[in-house]
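The values are calculated or read from the model by the stated rules, or taken from the named source; none is laboratory data. The structure presented is a predicted model; accordingly, all values stated were derived computationally and were not measured. Glycine also receives a Cβ, built like all others from the backbone with ideal geometry; neighbour counts cover every protein chain displayed.
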Ligand code: V47
């Protein structure tokens, strides 16, 4: 970290002392950090916290993304992935299509399958149970991270069940973790503008609380750089921090920079590089109870993701393969990275690569076997 005098000159004296003492920052501190003109000083503060927690370790995962469908009833303006049923470009996979995708990569040492889709108007819960069971049969050791809190609430609505009942059924079929998507920004103002039909912020947090109480860990995201204010970003982080105090179920936080192409968000160009790095650093500093911060290379681009490892992030996500949500919105990153590329990127940035599973435990040889 830079000398205390630097932070004093920036008016960040109090924050510097709080961070050094491991004390919690409040929303006003967060705003001061966002408004700090010295990006390197801000990054150094977050980097100190990152080094304290993880040393020079940077995590990555060998994973596979599967999108079972992009058909969605919600119509969120920021989403370039969604289609109405029957619209050109709409797709939905059957259980055997999903099995075929898993089989295609059976020779790869994958430890995590990340499966999400849109809020499909007809697909039934039993289809999703069948998908999970089928994957489990052919890859018995892989960890299944699937369905956002928004999808869980949608399944519950279609089935006339509670979200807790849906979670229990999916857990019995093999679901181990929920990905962090669908959180966007919790602000009701922004949700009214961009995704009025989607599960609201309180609903998202409620499903996550239920999942955590059932022993299903999850990640959390924040989509930023569209219509939200800095205060709304900080309120979002604070809501996650409060739930985490209660449940301890969040494993990793993922700030997602908005990709504007092919979306219907007027006048939004997505965040600048400086804004992305600031948001990464502020997230690390505010979320004192969430262990990991992910620089998701798909949305950041590989180059900025590498730099973000010096701004509080300790994870690069994974090999991915066939990512659609970011790429359909214009993300110009590659489709996938090999394990070797990920390790080289991490080493070149000055860190020690460690392969993890979805819970951030060291990847096990047994998972590689199947
Ligand atoms: O929920 C949608 C976001 C999310 C755009 O949990 C967009 O490990 C940018 O949640 N520009 C899906 N973002 C991705 C996601 C995720 C990815 C990797 C790992 C994990 C994890 C979770 O992408 C959506 C939405 O918030 N999104 N459209 C867009 N135009």
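Of the conditions (1) in contact with a helix residue (DSSP H, G or I) (Cβ under 8 Å, 6 or more places away or on another chain); (2) in contact (Cβ under 8 Å) with a residue 24 or more places away in the chain; (3) assigned to a helix (DSSP H, G or I), residue 191 satisfies every one except a single condition; which number is it?
Just one mismatch for residue 191, condition (2).
Only residues that are in a loop (DSSP other than H, G, I, E, B) and under 30 Å from residue 172 (Cα atoms): list them for segment 213-239, please.
214, 215, 216
Given the conditions (1) more than 18 Å from the chain's Cα centre (by Cα); (2) at pLDDT 95 or above; (3) not in a helix (DSSP H, G or I), and given that residue 169 satisfies all but one, which numbered condition is not satisfied?
Residue 169 satisfies every listed condition except (3).
Looking at (1) more than 28 Å from residue 197 (Cβ to Cβ); (2) at pLDDT 95 or above; (3) touching a strand residue (DSSP E or B) at 6+ places or on another chain (Cβ under 9 Å), which is the only condition residue 108 fails?
(2) is the only condition that residue 108 fails.
Give segment 268-303 a look and list any residue that's within 26 Å of residue 24 (Cβ to Cβ), away from the ligand (no atom under 13 Å from the Cβ) and outside any helix (DSSP H, G or I), or say none.
Correct list: 287, 288, 289, 291.
Are any of the residues in segment 173-186 over 18 Å from residue 284 (Cβ atoms), more than 14 Å from the ligand (Cβ to nearest atom), modelled with pLDDT of 95 or more and touching a strand residue (DSSP E or B) at 6+ places or on another chain (Cβ under 9 Å)?
Within segment 173-186, one or more residues are over 18 Å from residue 284 (Cβ atoms), more than 14 Å from the ligand (Cβ to nearest atom), modelled with pLDDT of 95 or more and touching a strand residue (DSSP E or B) at 6+ places or on another chain (Cβ under 9 Å).
Looking at segment 137-144, is at least one residue within 13 Å of the ligand (Cβ to nearest atom) and in the same structural domain as residue 69 (by TED's automatic domain parsing)?
Within segment 137-144 (the criterion being within 13 Å of the ligand (Cβ to nearest atom) and in the same structural domain as residue 69 (by TED's automatic domain parsing)), the answer is yes, since at least one residue qualifies.
Please go through (1) over 21 Å from residue 44 (Cα atoms); (2) within 12 Å of the ligand (Cβ to nearest atom); (3) surrounded by fewer than 22 Cβ atoms within 10 Å (Cβ to Cβ) for residue 223 and return the number of the only condition it doesn't satisfy.
Here residue 223 meets the rest and fails (3).
Which members of segment 250-259 meet the condition of being more than 6 Å from the ligand (Cβ to nearest atom) and either outside the structural domain of residue 78 (by TED's automatic domain parsing) or out of contact with any helix residue (DSSP H, G or I) (no Cβ under 7 Å at 6 or more places or on another chain) (or both)?
251, 252
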